[in-house]
Amino acid sequence: MYNFVLAFVICAVAYLLGEVLSNLTKAWIPSVFVTAVLMLVGYWTILPTTVVSDANLIPFGSTVVIYLLIAHMGTVISPRQLAEQWKTVAVCLVGLLGMCAASLLAMKLGVIRRDYIISGLPALTGGLVAATTMQTAALEKGLADVALFAIAMYCVQGFAGYPLTALCLQFEGKKLSKAFRSGAAAGAGARAAVDSVNGKLLTDATARKKLLPPIPDKWNGPVTILLKLAIVAWIGTQLGRISFWGFHLSGVVWALVLGVLGTAIGFLDENAMTKANSYGIAMFALMMYIFDGLSTATPAMLSAIIGPMLLLIVVGVAGMALSIWVVARLLKTDYAIALASALTALYGFPPNAIITENTCSAIAQSDAEKEYLMENMFPPMIVGGFVTVTITSVIIAGVFAGLL
């Protein structure tokens, strides 16, 4: 009865159960954690350790999908929106710098094993692509436990980020609410919304004319959109083989940069993979490739990495919190929202959107008050996710992959 179709069904069910539980708990329990636990228990009990490869998801999910998704990330980033939230961008970058500095200091002092720091830190500063990059680099070096460390870090880091973010947003929301009710609040700012698929920040501004004219819709179907993404991704792989002035950047970093540039000039469609109706299947394939790395995990291996993993989270978050306290004072911005926006590195979108909206709904006593809270808290939280998860973590992973 077991064949490649049933293997696909098993993978899909595990993935779906993770999303269901995450939705029921409003993202307080991460879907990746639930699916990881299900797959891990399955590997130890009834599932064949080859279930993901049997479903034929490995070749696709471990190669071309990674580069297509990275190029796609560039199509949902607006340099103009990042410029408007420049304080948030600065805060997040300094926060990640503080996280890296504290973690590397712990490595220098011998508190945490070097390979664990190198593989786990990119995942801690971002999301799926960073974790995948480090997992692949570790496996290429024959470091199975180090690859597992990167996966485990990605799966559990949200448990540190969610409660800390919730506390920060509660503090900031109550302060804003007090100002709103007293009449001291300024007028409503620029309205902002979020794309329900990938967290793209939307504004009322009209689209600007681009260098290249758009391809007519009748010729710009899903395959055409994917072809353009693939061209950009391929150029990224070639640039990744070149050393510039002795400095080498991974192809995934180039794919991200070229994705942004390609969208800016009009070569790539905005929100490309979603427009091509392929974002969901691509994420599914990539996620299952990640979870396939758990097939070699043993209880002894997991027990050996739990301590260093928790310690790295504590050290990294402490370094982030301290550095943001300094930069928030220099930029004269509120510490609570500054820390909350940087903590999006631990979970990204959509939890950042969900937690923010739920906090605003819980605090506000009217629709007008909720709108005011959202206008002040929502944009920095979404931009924070872009800066940390979508951009910086990919760059960090591209650099750290060569350090293993």
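General remarks:
- Restricting the first member to region 335-349 and to residues that are on the phi > 0 side of the Ramachandran plot, and the second to residues that are assigned to a loop (DSSP other than H, G, I, E, B), the beta-carbon pairs closer than 9 Å and six or more apart or on different chains are G348/G126; G348/G127; G348/G199.
- The set of residues from region 167-197 being buried (at least 18 other Cβ atoms within 10 Å of the Cβ) and either at pLDDT 85 or above or under 30 Å from D292 (Cβ atoms) (or both) comprises C168, L169, E172, G173, L176, S177, F180.
- Residue that is surrounded by fewer than 18 Cβ atoms within 10 Å (Cβ to Cβ) and either small (G, A, S) or modelled with pLDDT under 85 (or both), where the choices are A205, A255: A205
- Lone qualifier among G316, G348 - being at pLDDT below 90, crowded, with 18+ Cβ neighbours inside 10 Å, closer than 29 Å to A255 by Cα and of a type outside the set (V, I, T): G348
- For V91, the criteria (1) among the β-branched types (V, I, T); (2) surrounded by fewer than 22 Cβ atoms within 10 Å (Cβ to Cβ); (3) modelled with pLDDT of 85 or more hold in every case but one, which is (2).
- Residues within region 224-268 that are assigned to a loop (DSSP other than H, G, I, E, B) and among the polar types (S, T, N, Q), tallied: 1
- Among the residues listed as N277, N220, the single one being on the phi > 0 side of the Ramachandran plot, surrounded by fewer than 23 Cβ atoms within 10 Å (Cβ to Cβ) and outside any strand (DSSP E or B): N277
- Residue, surrounded by the fewest Cβ atoms within 10 Å (Cβ to Cβ), within region 351-373, restricted to residues that are among the hydrophobic types (A, V, I, L, M, F, W, C) and more than 15 Å from K175 (Cβ to Cβ): A368
- Filter result for I29 (closer than 20 Å to A160 by Cβ, modelled with pLDDT under 85 and of a type in the set (A, V, I, L, M)): yes
- Members of region 352-378 found to be in contact with a Ser or Thr (Cβ under 8 Å, 6 or more places away or on another chain) and part of a helix (DSSP H, G or I), listed by number: N352, I355, I363, E369, K370, L373, M374, M377, F378
- Checked against (1) of a type in the set (A, V, I, L, M); (2) in contact (Cβ under 8 Å) with a residue 12 or more places away in the chain; (3) surrounded by fewer than 21 Cβ atoms within 10 Å (Cβ to Cβ), A36 passes all but condition (3).
The values are calculated or read from the model by the stated rules, or taken from the named source; none is laboratory data. Since the structure is predicted, the reported quantities are computational estimates derived from the model, not experimental observations. Ideal geometry is used to build each Cβ from the backbone, glycine not excepted, and the neighbour counts take in all protein chains shown.
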